[in-house]
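The values are calculated or read from the model by the stated rules, or taken from the named source; none is laboratory data. Every value quoted in this text rests on a predicted model; they were computed, and no experiment measured them. Ideal geometry is used to build each Cβ from the backbone, glycine not excepted, and the neighbour counts take in all protein chains shown. Calculation scope for accessible area: heavy atoms of the full protein, side chains included, ligands and nucleic acids excluded. Shrake-Rupley method; radii C 1.70, N 1.55, O 1.52, S 1.80 Å.
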Amino acid sequence: MYWQRARQPGQKAERVAAILEAAATLFDEKELADISMRDVAATAGLGKASLYHYFNTKEEVFISLYREELNDWLLDVESRLKRLRSPTPKRIAKSLTEAIRSRDRFCRLTVVLASVLERNLTTDFLREFKRSLLPSLERCVAAIQSVQPNMSAAAVQEFIIQHHAVIAGLWPLAHPSEQVSTLMQEEEFRGHQVDFHRLFESTIRQLIQPQ
């Protein structure tokens, strides 16, 4: 289906939603490097020229998708932490692990956020993106402090950075190339396979453990 030109704010929002849905579909099937703006446009039912009315680069598309995924993740985190009774570092770590267990797209976008997506953006777009993250950061700090009241806001902000760094570092190790994955099935390497969720949970527990 190809869209008529959007003229009203509601129509434009609908187009942006369709573009991000198309980007998500493609990202679930391919590596970011293998996706072009032409692919996104075709999947969204837009002409390539029309796509550039909404996004100037592929990075703008996927950083906008990351922002949506981040918000969905945060809603889940808030809900899970709110339900915790007698929260302990172990229970908090388990809740945070469960919040990403079915969020492969969010994890993969986190991996490429700083190293790829933030490299081809205008200063204005990047400023607006960073500014849009501030309310989410405040909500995340509040959610963590609700179960770890002794942690200062600065300590929680540091923990949030560490949380995302653990995802960005562990995910590629646990999801290697097909060639490496096959190699790791050999007997001599089998003990070195990375269980992403197990290691994530244990690392988060250590990070949030009172010093």
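Could you work out how far the C-alpha centroid of region 175-191 sits from that of region 49-77, in angstrom? Their Cα centres are 33 Å away from one another.
For K58, give me every one of the aspartates and glutamates with a C-alpha distance below 18 angstrom, ignoring sequence neighbours fewer than eight places off in its own chain. Cα-Cα hits under 18 Å: E21, D28, E29, E31, D34, D39, E68, E69, E118, D124, E128. Positive-end ranking of F106, P149, T57 along the dipole of the chain, with charges on Cβ about the Cα centre, is headed by P149. Cross-link partners of K82 among aspartates and glutamates, defined as those whose alpha carbon lies under 19 angstrom from its own and excluding same-chain residues fewer than eight positions apart: D72, E98, E138, E201. The share of Cα pairs per 10 Å bin across the chain, counted from zero up to the longest distance, runs 7, 29, 31, 22, 10, 1, 0 percent.
Across Q145, Q11, Q185, mean-square fluctuation computed from a Gaussian network of the chain (C-alpha pairs under 10 Å connected) peaks at Q185. Taking the longest Cα principal axis of the chain as reference, the axis of helix 9-29 is set at about 60 degrees. Taking G47, G169, G191 as the candidate residues, the one with maximal mean-square fluctuation in a Gaussian network model of the chain, Cα springs under 10 Å, is G191. Test of understanding: in a Gaussian network model of the chain with alpha carbons linked when under 10 Å, which of D76, D34, D195 would top the mean-square fluctuation ranking? Looking only at D76, D34, D195, the largest GNM fluctuation is found for D34. With a cut-off of 13 Å between beta carbons, the residues surrounding A24 carry a summed charge of -3, where Lys and Arg count +1 and Asp and Glu -1. If you take the alpha carbon atoms of region 111-211 and fit the smallest convex hull around them, that volume is 118 Å³ per residue. The charge dipole of the chain, taken about the Cα centre with unit charges on the Cβ atoms of Lys, Arg (+1) and Asp, Glu (-1), comes to about 820 debye, rounded to the nearest 20. Entry note, the chain: the mean residue ellipticity at 222 nm calculated from DSSP H runs of n ≥ 4, each adding -39500 (n - 2.57), is -22500 deg cm²/dmol after division by the residues and rounding to the nearest 500. Residues in the chain average 58 Å² of solvent-accessible surface per residue, probe 1.4 Å, ligands and nucleic acids excluded. Working from label points 7 Å from Cα in the Cα-to-Cβ sense, the K12 to E188 distance is 6.1 nm.
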